[in-house]
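Below is one structure; the comments refer to it alone.
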Amino acid sequence: MKTVDDQMRTLVFGTAAWRRYLASLPRAERPRPAVQRAVARILADVERQGDAALVRWTRRLDRVRLRPSEIRMPAAEVRRLASAADRPTRRALAAMATRIEAFHRRQLAPGFRLPVGPGSMVEEVVTPLPSAGLYVPGGAGAYPSSVLMNAIPARVAGVRDLWIATPPRTLETSPAVAAAIVGVGLEDCVIRVGGAQAIAALALGTRTVPAVDKIAGPGNAYVAEAKRQVRGRVDIDREAGPSEVVILADDTADAGWVAADLLAQAEHGSGEETVVLVTSSPSLAREAARLVAEGVAGVANAASARRALRRHGAIVRVESLAEGVAAVNALAAEHVEVMTRGAAAVARAVVGGAVFVGHWTPVAVGDYGVGPNHVLPTGGAARYASPLSTRDFQRRHSRVSLTRAGLASLTTDVVRVAMAEGFRGHAQSVLTRFEG
């Protein structure tokens, strides 16, 4: 293992150094006990004192004094703040929303019906969740794109009551976030509270904030821990970790494009992003590494980008594309780019939260609304988890409707299996309908 300009290490796939690197990458884990205790205290406080606790924690943590009547923002105020976003940005958000909605409408499933006997039917019934709360971070992590990515699938699914919770200064400091909220028609549903106390309010309900059935949206360690602690009272989306990109490239790839895409992911700001190039081309590896080291000073959050590159940045050398696919799939990253000959065929074998195929498909188009959701599994979870979708805001249940003849056609099998399991009462509940 060696460093390249003190930025990205170079590894050979399958070696002990590769295995150590893989084991060192960020994965979902429990937070510090101090975070758990602080969040538990906030949740208990909100459960006991409702709006008064929200006001108190907002003053203490956000340095903003609210009256209970100010917890919910008036729609006119949200629209006023949205108007501060420039017109080209508002137009771009509207176009992005149109593409996201078109994609997510294709995810709607109507359920199905299946005959099981004379006049009898079993069904899968799909219905929207009645309500959901969407958390929108503030400060440097306030992203209008994430408002659209969370709100649009919920609206498409048919969720009737949608609420947005965000720290009290978010919309003042980020007019584009306010514009995104107006764009999805939720300006009358904004709760001016952030952090763990916002999650508590959405899960438990207060006089001002209605309890919801599901909470989605990114947040800091306290927000993530609050979502863990309320899981069971409500559904939550997923535990998001630092952003990840893996680029699989051969000698057809442009080193400048590769470096630009690696740097784009490193600039997210946590300093824990995973940024990896997997390549069979020694010359591409050398040139991409040089360009990354040269370009890191020019990205947003340059200091944390450098930290991410040092901690989790890597160039992984492989002997073949097949070996490259094996390396990519071991990482199971949030984003995967395939910049190779025959990229479409190669991409079919790749595991990633979202896969970007070909030299003209950078991850940034996924971040900014080509259609699919940018809320993706991280921490290697792409091997089993899926992007946020319309389906996350729906519930499915079975519906069974039998006639006498339909039940009779099933009775022998039901009784035999019930008796095999030792449940005579189950068998009798069927047989009794045919006695006398």
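Would you please name the trypsin sites (Lys or Arg not before Pro) within the stretch 50-109 that are DSSP coil residues with at most 15 other C-beta atoms within 10 Å of their C-beta?
Passing both the DSSP loop test and the Cβ count: ARG63, ARG65, ARG106.
Can you give the calculated 222 nm mean residue ellipticity of the chain, where each DSSP H run of n ≥ 4 adds -39,500 (n - 2.57) and the sum is split over every residue, rounded to the nearest 500 deg cm²/dmol?
Values: 18 runs with 195 residues, N = 436.
After summing the helix terms and dividing by residue count, I get -13500 deg cm²/dmol.
Work out which chymotrypsin sites (Phe, Trp or Tyr not before Pro) in the chain are exposed loop sites (DSSP not H, G, I, E or B, at most 11 other Cβ within 10 Å) and give the longest gap free of them.
Longest stretch, sites excluded: 1-359.
Return the Cα extents of the stretch 341-407 along principal axes one, two and three, sorted largest first, each rounded to a whole Å.
62, 25, 24
With a bin width of 10 angstrom, please list the P(r) values of the stretch 195-234 as percents of all Cα-Cα pairs, from the 0 bin to the one holding the largest distance.
Going out from 0 Å in 10 Å bins, the stretch 195-234 shows 34, 59, 7 percent.
Rg/Rh for the chain: what does it come to with C-alpha atoms and Rh from Kirkwood?
Reported Rg/Rh, Kirkwood definition of Rh: 1.05.
Would you mind checking which residues have amide H under 5 Å from VAL316's amide H? H placed 1.01 Å from N; only 5 or more apart, or other chain.
LEU11, LEU277, VAL278, THR279
Give me the percent relative contact order of the stretch 42-132, please, defined on Cα pairs under 8 angstrom at least 6 residues apart. Before the final figure, lay out the partial values.
Details: 37 pairs, mean separation 10.6, N = 91.
Dividing the mean separation by the residue count of the stretch 42-132 yields 12 percent.
Take the alpha-carbon centre of the stretch 182-220, take the same for the stretch 54-72, and report the distance between them in whole Å.
Measuring centre to centre over Cα atoms gives 14 Å.
Using alpha carbons only, how many angstrom separate the centre of the stretch 95-120 from the centre of the stretch 247-324?
Rounded to whole Å, the Cα centres lie 39 Å apart.
With every protein chain kept in the model, how would you rank THR98, THR58 by accessible area, 1.4 Å probe, largest at the top?
Working: THR98 95, THR58 0 Å².
So the residues, ranked largest to smallest area, are THR98, THR58.
Compute the Rg/Rh shape ratio of the stretch 216-337: radius of gyration over Kirkwood radius, all on alpha-carbon atoms.
Details: Rg = 16.4 Å, Rh = 15.4 Å.
Across the stretch 216-337, the Cα-based Rg/Rh ratio is 1.07.
Using the Cα atoms as the points, what is the convex hull volume per residue of the stretch 298-433 in Å³?
Normalising the Cα hull of the stretch 298-433 by residue number yields 249 Å³.
Only bridges with both residues in the stretch 29-168 count here: give the DSSP antiparallel percent, nearest 5.
50
At 1.4 Å probe size, with the rest of the protein present, what percent of the exposed accessible area of the chain is carbon and sulfur atoms?
Details: 10750 of 20420 Å².
C and S atoms contribute 53 percent here.
Tell me which residues come under 5 Å, amide H to amide H, from GLN394 once H is placed; ignore anything under 5 positions away on its chain.
Correct list: LEU129.
Could you please report the charge total around PRO168, scoring K, R as +1 and D, E as -1 over all other residues with beta-carbon less than 15 angstrom from its beta-carbon?
Details: positive: ARG56, ARG59, ARG60, ARG63, ARG65, ARG67, ARG72, ARG169, ARG192; negative: ASP51, ASP62, GLU70, GLU77, GLU172.
Every neighbour counted, the sum reads +4.
Send over the per residue convex hull volume for the stretch 3-150, Cα only, as a whole number of Å³. Don't skip to the end; give the middle numbers.
On the way: hull volume 51.3 nm³, N = 148.
Considering the Cα atoms of the stretch 3-150, their hull volume per residue is 347 Å³.
Just to be sure I understand the curve: with the Debye formula and one point per C-alpha of the stretch 128-283, what is log10 I(q)/I(0) at q = 0.10, 0.13, 0.18 Å⁻¹?
-0.43, -0.65, -1.02
With a 1.4 Å probe and every protein chain left in place, work out the accessible area per residue of the chain in Å², rounded to a whole number.
Using a 1.4 Å probe on heavy atoms only, each residue of the chain averages 47 Å².
Please list, in chain and number order, the residues 5+ apart from ARG72 or on another chain whose amide H is under 5 Å from its amide H, with Hs placed from the backbone.
ARG192
The values are calculated or read from the model by the stated rules, or taken from the named source; none is laboratory data. A quick note: this is a predicted structure, and the numbers were derived from the prediction, not measured. Cβ: placed from backbone, ideal geometry, glycine included. Neighbour counts: every protein chain shown. Just so you know, the surface numbers come from the protein's heavy atoms only, side chains and all, with ligands and any DNA or RNA stripped out. Shrake-Rupley method; radii C 1.70, N 1.55, O 1.52, S 1.80 Å.
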